[in-house]
Amino acid sequence: GGIITQTPKFLIGQEGQKLTLKCQQNFNHDTMYWYRQDSGKGLRLIYYSITENDLQKGDLSEGYDASREKKSSFSLTVTSAQKNEMAVFLCASSINWGSSAETLYFGSGTRLTVL
Amino acid sequence: GQQVQQSPASLVLQEGENAELQCNFSSTATQLQWFYQSPGGSLVSLLSNPSGTKHTGRLTSTTVTKERRSSLHISSSQTTDSGTYLCAITGNYKYVFGAGTRLKVIA
């Protein structure tokens, strides 16, 4: 089996700060995702990457940058943290089959708090 | 874009009762998954069921693709089933999630 590792687990930032979240997977999966989850709400897609060096915007990409440095890693940058922002950022991966993604596997999340 | 609606938003059961969770989606999905999220935990896939009926343990999912709906039945609920159940669909590479059903099972 494989695992998705997200670092850091907890991130505390200041308003206006640039913050980077990292994700590594050893499934050898093609596609990787970054989702944001706010308390009591569903997951919203920020960025995804179908293969190494590919980058696709999700529904919530404004205010974020992403980078797929290699097949196993996908990082997300909050370009300017918003005061009182609190959310969980979840990284996921899937193998591709044909033109659709298969089962999603998730990391344990990075919990962001902005003071 | 695609939308996913889940109902009920929350559910409280006595241990041993059955749970029925619903998922309705706005457009054709080539893949549909049910996930479980423990309080404060990461998501775990329970089953993939784009059409028909699938069973695993005490879970049964039925998806009627033409009617754009899926259900997840949990039989003989246990306190350890407490958490949030999320439905997600994809018609391409992007999964779209519902807001989830928060289930609490009390002893």
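The values are calculated or read from the model by the stated rules, or taken from the named source; none is laboratory data. Everything numeric in this text was worked out from a predicted model, so none of it was measured. Note that we place each Cβ from the backbone using ideal geometry, even for glycine, and neighbour counts take in every protein chain shown. Surface areas here come from the heavy atoms of the whole protein model, side chains and all, with no ligands, DNA or RNA. Shrake-Rupley method; radii C 1.70, N 1.55, O 1.52, S 1.80 Å.
Here are some notes:
- Of all residues in the stretch A:7-38, those being of a type in the set (Ser, Thr, Tyr) and away from every other protein chain (no Cβ under 11 Å) number 2.
- Residues satisfying the criterion are present in the stretch B:17-30 (criterion: within 14 Å of chain A (Cβ to nearest Cβ), outside any loop (DSSP other than H, G, I, E, B) and surrounded by fewer than 21 Cβ atoms within 10 Å (Cβ to Cβ)).
- Which numbered condition residue A:85 fails, given (1) in contact with a Phe, Trp or Tyr (Cβ under 9 Å, 6 or more places away or on another chain); (2) open to solvent by less than 80 Å² (accessible area, probe 1.4 Å); (3) modelled with pLDDT under 90: (1)
- Residues of the stretch A:75-89 that are in a strand (DSSP E or B) and under 13 Å from residue A:21 (Cα atoms): A:75, A:76, A:77, A:78, A:87, A:88, A:89.
- Taken as a whole, the condition of being surrounded by fewer than 21 Cβ atoms within 10 Å (Cβ to Cβ) and part of a loop (DSSP other than H, G, I, E, B) does not apply to residue A:5.
- Scanning the stretch A:47-76 for residues that are open to solvent by 40 Å² or more (accessible area, probe 1.4 Å), among the basic types (Lys, Arg) and in contact with a strand residue (DSSP E or B) (Cβ under 8 Å, 6 or more places away or on another chain) yields a count of 1.
- Residue A:43 modelled with pLDDT of 95 or more and of a type outside the set (Val, Ile, Thr): no
- Hits in the stretch A:75-86 (condition: in contact (Cβ under 8 Å) with a residue 40 or more places away in the chain and away from every other protein chain (no Cβ under 14 Å)): A:75, A:76, A:77, A:78, A:79, A:80, A:81, A:82, A:83
Rundown of residues vs (1) open to solvent by less than 50 Å² (accessible area, probe 1.4 Å); (2) away from chain A (no Cβ under 14 Å), yes/no style:
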| position | (1), (2) |
| --- | --- |
| B:3 | no, no |
| B:10 | no, no |
| B:33 | yes, no |
| B:43 | yes, no |
| B:51 | no, no |
| B:55 | no, yes |
| B:67 | no, yes |
| B:75 | yes, yes |
| B:96 | yes, no |
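- Residue among B:57, B:83, B:16 that alone is free of Cβ contacts under 8 Å to residues at least 24 places away in the same chain and at positive phi: B:57
- Of B:90, B:63, all but one fail to be at the interface with another protein chain (Cβ under 9 Å from one of its Cβ atoms), surrounded by 17 or more Cβ atoms within 10 Å (Cβ to Cβ) and of a type in the set (Val, Ile, Thr); the exception is B:90.
- Any hit, the stretch A:26-46, residues being touching a residue at least 12 places away in the same chain (Cβ under 8 Å), open to solvent by less than 20 Å² (accessible area, probe 1.4 Å) and assigned to a loop (DSSP other than H, G, I, E, B): yes
- Test: residue in the stretch B:38-46 that is farther than 25 Å from residue A:88 by Cβ and either part of a loop (DSSP other than H, G, I, E, B) or in contact (Cβ under 8 Å) with a residue 12 or more places away in the chain (or both): no
- Top-ranked residue of the stretch A:47-74 - restricted to ones that are in a strand (DSSP E or B) and in contact (Cβ under 8 Å) with a residue 24 or more places away in the chain, ranked as farthest from the other protein chains (Cβ to nearest Cβ): A:73
- Tallying residues that are open to solvent by less than 20 Å² (accessible area, probe 1.4 Å), farther than 10 Å from residue A:74 by Cα and within 15 Å of the chain's Cα centre (by Cα) within the stretch A:12-25 yields 1.
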